[in-house]
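Down below is the structure, laid out as structure tokens.
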Amino acid sequence: MPVRVLDSSPRSQISGVNQIPAIPPACTLLSVGQTFAGTQNVSSLQKDEAWRVNVRIQGCDLEHGYLCGTMEALNVPFADTPVVTFWEGEIVDIKNYTFFTGKWEATPEDDVKHWSKFQSFSPLLSQVEVDGGKSLDLSNYPFIFMRWKEQYFVNVGTDCGLTIAGFYYVCFSFSDGSINGFYYDPNSSPFQKLELKSTNEGRSGFSFSSYQLQ
Amino acid sequence: MPASAAGNRPEELCERLASVDSGVRLKALREIKNQIIGNRTKKLTYIKLGAVPRVAAIVGDDDSDAPLFVQSAAALGSFACGVDIGVKTVLKSGAFPHLIRILSNQDEKVVDASARSLRMIFQSKLAPKYDFLNRKDMDFILSLLNSVNENVTELAASIIAHSCQTGGEQKALSDEGVLQKLMNLLTGSINQRDASLDAFAAIFRNNSELISKFAGFDNGRKTLGPVVELLKDKYPRTRLLASVCLIVIGQASPCHLEELGVKTKLIPVLVELLEEPGQPGDDAPFTLANFVAGKEELQKLAFDANAVEKLCKFLRKTAVQPKRFEGLLLALSELCSKLEICRNQFHQLQVLHIVIDALKHDSTEVRSAACYCLRSITRSVKSLSAGDFTNETILVPLVQLLRDPSTSVQVAALGPLSNIAVDFTPRKAIFVQCGIVKEIIQLSKSMDSAPRLNAVWALRNLMFLSDKMGKESILIELTLSTLASLICDSEVSIQEQALGLVCNLLDGSIDSIEYAFAEDGKIIKAVARQVKNATNLEVCIQGMYVLSNIAAGNELHKEAVMDHIIPPVSSGGGTPIITSHLRSSDSRLRTASTWCIVNLTHPTSTDASDRIARLRNAGVIGQIKSMVNDPCLDVKFRVRTALEQCTTFGNAAS
């Protein structure tokens, strides 16, 4: 979800890829077509300032630790329509990505500070502090940690007064399909919290759809 | 008019080939040979005039003298060079056994001419095959290999390259010491070297056992080292053939390529060869495509060696020969098949319009290759999410190819169309508006399974996240009857795609589920039949997801699913199909089946408790309980969800 512009200098880096083999866990709730709805607290101080957010998963490639989708912010101040962005996610699977971001202006200290906001991260903390979690086996861990980085605005121009310079530290829970996240951008309010729950579009149960690229 | 000019007309020269005067015949032969060298039109003219059988008669005449043999053999070789119809005519004329016979002529010039001529024939796929399991053929090839004549040994290598096909033949040749003899040829003339590399590739193809044996104790450093050295040869054709040979070795026995440390060397050699004019440059993109196909690591190496940039640069050149054009498109297709960085560079170099234009090329192969290239380019979810390809510039020429005279082009065109159909934006409607859906549906009814599969695949992707109107438009054209028959298609892969299509059709708004029950439940019946009877895992998984989607509906929907997964008591019970699927060794099928139970027992449904009781009586809840510590996390947590829901209704504990 985009946030208000404070500083819009673009930054990106090519991520270093770790070659330690691990099997990324598959989860149907994180498969293509799945939707999530919730809020993002834009300011960590004013708890009442929250934007409604919808997320849809559009691509998933566990082999490469890749996930992508769209994020729709519904009640964005000053915006006439909901603002939709396309994001790409790095799954912390140790094979492709570790807990250390290594780009987007995030230092290992920033990483640990943000990951530590998730309760599910505490058993991993000591090892991550040592090596970013390179020696961890997350293939059977009931949480999936990710970084989501918005790449472009889908339905508005870049002059919309919003920025997508930062990225989210994200944690998905297998047990209830919930997603929690914290937005990180040195030029935005710290620890903006994203809270999402799996949705079923008015159905009495969960529904699935899929595509296959040729 | 000078007599000589009048006498050189093709008709007259042809006449003179049958002259009783051997001097006249020789002169005519020489003239014809000179005229047809490198001139396709002239070759065809003489072939039409019946010159080839007359030349064959001269080479087959025991009374012919050495110069006649030399000239007739050379003329036949020239007819066969690079023109399939020429090879056909030469073979039909009966010249082949005569050329073989004069290989043992006393006169060295005759032998040379015959060997060269035969080599031309063996460059064609139409040349006859030798059977190396046949002693006579093996002895013949060995005699050629043992010859001191350079042209003859080169011919032997060409025959091996052309004829050696089976593992048995590869072994037989190896057992006779042919590999060592070929090795010796690597230090011979350029032609011997090239023919030898070609023969090596034929003997090593898909035969890791033979490669290991030949490589010996040092993993081929000594035995295969000379081939690696030829990667640096000054002749481009030799570099290309050495690359092909090493690629064949690597594909059959990857460890040897690793050991030789040439994997990284091959990429720059091939990329550099793209620059070459003529045959090596024409063949290089095909070889590069073959080498990197399906191998992400090699694609990255090729990207780092600027392969994408170079290929795009050549793509921009005007008047590229069709063969080379096809190769460039295929190489780009392979390079962009997996890596987004390659696709990004392709876009940055702005050559998309060239590939789109190639969709209208005269050559069938180029049109197909352009489709393959677009298929790889459209694999980017990032671009698809931006709706980058959903425009008429790309779609219109692609759709026109759905009516291409060549079925393979139709199938190839459905590749990028399937990908573009995924489009996550409302622009998807263009498929209906431009009549594309109609064309695709036409092919989904094809008798040929290849277009049928790709058409259903495209429809499945088009149905993904389609709105109500989109779904309606597709169904009106497709009809539920056709969809039901596709679910039960004779081809398993089509069944799978059709079930995927249904899954997408029933997803979204709860109203969509009604499609499963329309026309007396054609769809749910077909799906249930597959879930019950299919032996293919993918079909079962897709089928279970369809039932799961229906089970996410209202009470009637859920009850219908129950009727299909639990046998009625009147039938005597038996293990319910859902239990069998829950017990599957494949976690994906267990997951799909568990979702179905989660939906059937969903707490928002009023009759959940009745269904839980039925599921319990049928032993399904017992099965679910036994899966509480399933090794697959996805299954484990969905099982817990199902059990929690059952507990809510107070039935699970029993």
Residue separation times 0.36 nm, minus the C-alpha to C-alpha distance between B:Lys213 and B:Ser406: what's the value? 65.1 nm
Over region A:96-214, relative contact order from alpha-carbon pairs under 8 Å, at least 6 apart, %: 16 percent
What does the average come to when, for each residue of peptide B:595-601, you count the partner chain Cβ atoms lying within 10 Å of its Cβ? 3
Taking only Cα atoms, what is the 0 to 90° angle, nearest 10, from helix B:307-316's long axis to the longest principal axis of chain B? 70 degrees
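Defining a contact as two alpha carbons under 8 Å apart and six or more residues distant in sequence, what relative contact order in percent does chain B show? Could you put the intermediate results ahead of the total?
Numbers: 941 pairs, mean separation 30.2, N = 654.
Across chain B, relative contact order equals 5 percent.
Based on the Cβ-Cβ distance of B:Leu49 and B:Asp21, what FRET efficiency does E = 1/(1 + (r/R0)^6) give at R0 = 25 Å, to the nearest 0.05?
0.80
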Could you work out how far helix B:608-617 tilts from the main Cα principal axis of chain B, as a 0 to 90 degree angle to the nearest 10? 70 degrees
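Quote to one decimal, in nm, the extra length available between B:Asp610 and B:Glu276 on full extension: 0.36 nm per residue of separation minus the C-alpha distance between them.
Extra length available between B:Asp610 and B:Glu276 comes to 112.7 nm.
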From the phi angles alone, apply the Karplus equation (6.51, -1.76, 1.60; θ = phi - 60°) to region A:157-172 and give each ³J(HN,Hα) in whole Hz, x where the residue is Gly or Pro. x, 5, 8, 7, x, 10, 10, 10, 5, x, 8, 10, 8, 10, 10, 9
Partners for B:Lys625 among aspartates and glutamates (Cα-Cα distance below 13 Å; same-chain residues under 8 apart left out): B:Glu644
When B:Tyr545, A:Tyr183 are arranged by how many other beta-carbons sit within 10 Å of their Cβ, fewest first, they go A:Tyr183, B:Tyr545
Just the number: Rg to Rh for chain B, Cα atoms, Kirkwood Rh, two decimals. 1.11
Partner lysines for B:Lys317 [C-alpha distance under 20 Å; skip if fewer than 8 residues away on the same chain]: B:Lys360
Take B:Met544, A:Met71 and order them by how many other Cβ atoms sit within 10 Å, fewest up front. A:Met71, B:Met544
Chain B: angle of helix B:108-122 to the longest principal axis, Cα-based, in degrees nearest 10: 20 degrees
Express in whole angstrom the spacing between the alpha-carbon centres of region A:126-165 and region B:389-446. 35 Å
Could you state the per residue volume, in Å³, of the convex hull enclosing the Cα atoms of the protein assembly as shown? 215 Å³
Net charge over other residues, Cβ less than 14 angstrom from the Cβ of B:Ser143 (K, R count +1; D, E count -1): +1
Stretched out fully, how many nm does the piece from B:Gln442 to B:Asp586 gain, at 0.36 nm a residue minus the Cα gap? 48.3 nm
Which whole number gives the average count of other chain Cβ atoms within 10 Å of the Cβ atoms across peptide A:193-205? 5
Lysine pairs in region A:65-213 with Cα distance under 27 Å, only those 8 or more apart or on different chains: how many are there? 22
Formal net charge of residues neighbouring B:Glu555 (Cβ-Cβ distance under 10 Å; K, R +1; D, E -1): -1
Among B:268-279, B:412-423, what's the highest-first ranking by average C-beta atoms within 10 angstrom per residue? B:412-423, B:268-279
Under a straight-distance cross-link criterion of Cα-Cα below 18 Å, which aspartates and glutamates are reachable from B:Lys532, leaving out those fewer than 8 residues away in the same chain? B:Asp489, B:Glu491, B:Glu496, B:Glu559, B:Asp563, B:Asp586
Could you derive backbone 3J(HN,Hα) for region B:129-140 from the dihedral phi with the Karplus parameters 6.51, -1.76 and 1.60 (θ = phi - 60°), listing whole Hz in sequence and x where the residue is Gly or Pro? 9, 9, 10, 7, 8, 8, 4, 4, 5, 5, 4, 4
Please sort A:91-97, B:399-405 by packing, taking for each peptide the average over its residues of neighbouring beta carbons within 10 angstrom, highest first. A:91-97, B:399-405
Can you work out ³J(HN,Hα) from phi for every residue in region B:483-493, in order, using Karplus 6.51 cos²θ - 1.76 cosθ + 1.60 and θ = phi - 60°, giving whole Hz and x for Gly and Pro? 4, 4, 6, 5, 4, 9, 4, 5, 9, 4, 5
Rounded to a whole number, the mean other protein chain Cβ count within 10 angstrom for residues of B:379-386 is 6
Please state the relative contact order of chain A as a whole percent: Cα pairs under 8 Å, 6+ residues apart? 26 percent
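Counting each DSSP H run of 4 or more residues in the protein assembly as shown as -39500 (n - 2.57), what helix-only mean residue ellipticity at 222 nm follows after dividing by all residues, to the nearest 500 deg cm²/dmol?
-16500 deg cm²/dmol
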Nitroxide proxy distance, nm - points 7 Å out along Cα→Cβ at B:Ser490 and A:Leu125: 6.5 nm
What ranking of B:Glu472, A:Glu195 emerges when the number of other C-beta atoms within 10 Å of each C-beta is taken as an exposure proxy, fewest first? B:Glu472, A:Glu195
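A short reminder: the numbers here are calculations on the coordinates, not readings from a lab. All figures in this text were calculated on a predicted structure; none of them were measured in a lab. Virtual Cβ from ideal backbone geometry, glycine too; neighbours counted across all protein chains shown.
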